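The values are calculated or read from the model by the stated rules, or taken from the named source; none is laboratory data. For clarity, every value in this text was computed on a predicted model and none was experimentally measured. Note that we place each Cβ from the backbone using ideal geometry, even for glycine, and neighbour counts take in every protein chain shown. Each accessible area value is taken on the protein alone, full model and side chains, heavy atoms only, with ligands, DNA and RNA left out. Shrake-Rupley method; radii C 1.70, N 1.55, O 1.52, S 1.80 Å.
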Amino acid sequence: MSGSTAAPDRLDERLVPTSPLRKLLGRPELGSVVGAVAVFLFFAFVADSFLQASSFGTVLYAASVLGIMAAPVALLMIGGEFDLSAGVLVTSSALISSMFSYQMTANVWVGVLVSLLVTLAIGAFNGFMLTRTKLPSFIITLGTFLMLTGLNLGFTKLISGTVSTKAIGDMEGFESARALFASTLTLGGVEFKVTILWWLALVALATWILLRTRFGNWIFAVGGEADAARAVGVPVVRTKIGLYLGVAFAAWISGQHLLFSYDVVQSGEGVGNELTYIIAAVIGGCLITGGYGSAIGSAVGAFIFGMTSKGIVYAEWNPDWFKFFLGAMLLLATLLNAWVRKRAEATT
């Protein structure tokens, strides 16, 4: 009989219950969590002081400084793009706040707000140039990186006469700004930097955006296949510009922390940090090709970075070995993430 219907006992695959193991294997951050446990156990064994409460606060601080930037960079990578200007943009944000406040003898908060506007404008510029020119984000943000590196040094020398900014610690509003961006909290006798709270808040916000909002669906869609996403009505241009604005906002937060922690800013800082942000996101499960990853994974990647950077110190090893460990973790994490994804696909 022609036109026969499907067997009645055949279920729609979307309605088939998913096992807890399958859900676990499908999480992008699973490999990084396994790696974090291994790194923790390793340094707990080789460094006696690693397990001290004070050491935990130091590790979290190192992780938070990286993690604040790694979360939006992870979202950007899920969206299929890079930002090689992110590291120097942090320094630019700090320089703008400091020099504007000092030169205008204004309340420090005026410089902070001006810095926010300029930093967001740079992020919007990256997104606009990317979507208008259709050039790879690698080229666009490499150009921005070079321009900002030159502007940071050139303007600082022109205005301050040196490669660093003038001290603004005695200016109005400095203490209140420091309380927001660079204060220290004491819990149970252990000191924790306020950046840890900023980090956790940004990771929570990024996770909510990815998993609970329409914009999160757009991010995965444009990262998987931008042309297909555009064909079904996804606003690709708005999504990518929004992702670059997110990176710029995090750079502003990090820049203010840099300024209000040390009072002065060196114009050459930040070069190379953009690669560390990308490494944390990749260790956390983000794919270079886009369309896959999580903000939680970036946090785990940043935590691995914090444990390794401080664990080497607590173990009293030569810190020159840090880059070796970082590179080894990147390769191992990438291989482990690929294996986990294959296992997850095999269970479908």
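Which condition does residue 221 not pass, out of (1) part of a helix (DSSP H, G or I); (2) open to solvent by less than 70 Å² (accessible area, probe 1.4 Å); (3) under 29 Å from residue 113 (Cβ atoms), if it passes all the others?
Looking at each condition in turn, residue 221 falls short on (3).
Among helices (runs of 4 or more DSSP H) lying entirely in segment 1-78, which contain 2 or more residues that are surrounded by fewer than 18 Cβ atoms within 10 Å (Cβ to Cβ) and modelled with pLDDT under 65? Step through it out loud before you land on a result.
Working: elements: 20-25, 30-46, 53-78.
In segment 1-78, the matching helices (runs of 4 or more DSSP H) lie at 20-25.
Identify the residue in segment 226-258 that is of a type in the set (Gly, Ala, Ser) and touching a residue at least 60 places away in the same chain (Cβ under 8 Å) and, among all such residues, is surrounded by the most Cβ atoms within 10 Å (Cβ to Cβ).
Ranking the candidates gives 251 first.
Six or more apart or on different chains, Cβ under 8 Å: which pairs go from a residue in segment 103-119 that's among the hydroxyl-bearing types (Ser, Thr, Tyr) to one that's open to solvent by 20 Å² or more (accessible area, probe 1.4 Å)? Could you list them?
Every condition considered, the pairs that remain are 105/171; 115/96; 115/100; 115/252; 119/96; 119/249; 119/252.
Somewhere in segment 80-93, is a residue surrounded by fewer than 18 Cβ atoms within 10 Å (Cβ to Cβ), farther than 30 Å from residue 167 by Cα and at pLDDT below 95?
no
For segment 259-296, enumerate the residues that are under 30 Å from residue 30 (Cα atoms), open to solvent by 30 Å² or more (accessible area, probe 1.4 Å) and of a type in the set (Phe, Trp, Tyr).
Listed by number, the list holds a single entry, 292.
Does residue 127 meet the test of being of a type outside the set (S, T, N, Q), in contact with a Lys or Arg (Cβ under 6 Å, 6 or more places away or on another chain) and open to solvent by less than 60 Å² (accessible area, probe 1.4 Å)?
Criteria met by residue 127.
What are the residues in segment 104-124 that are among the hydrophobic types (A, V, I, L, M, F, W, C), open to solvent by 80 Å² or more (accessible area, probe 1.4 Å) and modelled with pLDDT under 95, if any?
104
Tell me whether segment 160-173 contains one or more residues that are modelled with pLDDT under 95, over 16 Å from residue 241 (Cβ atoms) and out of contact with any helix residue (DSSP H, G or I) (no Cβ under 9 Å at 6 or more places or on another chain).
Yes, because at least one residue in segment 160-173 is modelled with pLDDT under 95, over 16 Å from residue 241 (Cβ atoms) and out of contact with any helix residue (DSSP H, G or I) (no Cβ under 9 Å at 6 or more places or on another chain).
Quick check on segment 277-291. Is at least one of its residues touching a residue at least 60 places away in the same chain (Cβ under 8 Å), in a helix (DSSP H, G or I), within 30 Å of residue 154 (Cα to Cα) and out of contact with any Lys or Arg (no Cβ under 7 Å at 6 or more places or on another chain)?
So far as segment 277-291 goes, yes, one or more of its residues are touching a residue at least 60 places away in the same chain (Cβ under 8 Å), in a helix (DSSP H, G or I), within 30 Å of residue 154 (Cα to Cα) and out of contact with any Lys or Arg (no Cβ under 7 Å at 6 or more places or on another chain).
How many of the residues making up segment 224-271 are polar (S, T, N, Q), part of a helix (DSSP H, G or I) and more than 22 Å from residue 288 (Cα to Cα)?
Within segment 224-271, residues that are polar (S, T, N, Q), part of a helix (DSSP H, G or I) and more than 22 Å from residue 288 (Cα to Cα) number 3.
When you look at residue 163, is it in contact (Cβ under 8 Å) with a residue 40 or more places away in the chain and open to solvent by 30 Å² or more (accessible area, probe 1.4 Å), yes or no? Outline the logic, then answer.
Values: in contact (Cβ under 8 Å) with a residue 40 or more places away in the chain: yes; open to solvent by 30 Å² or more (accessible area, probe 1.4 Å): yes.
Considered against the rule, which asks whether it is in contact (Cβ under 8 Å) with a residue 40 or more places away in the chain and open to solvent by 30 Å² or more (accessible area, probe 1.4 Å), residue 163 comes out as yes.
Name, by its number, the condition in (1) among the hydrophobic types (A, V, I, L, M, F, W, C); (2) open to solvent by less than 60 Å² (accessible area, probe 1.4 Å); (3) under 23 Å from residue 281 (Cα atoms) that does not hold for residue 174.
For residue 174, the exception is condition (3).
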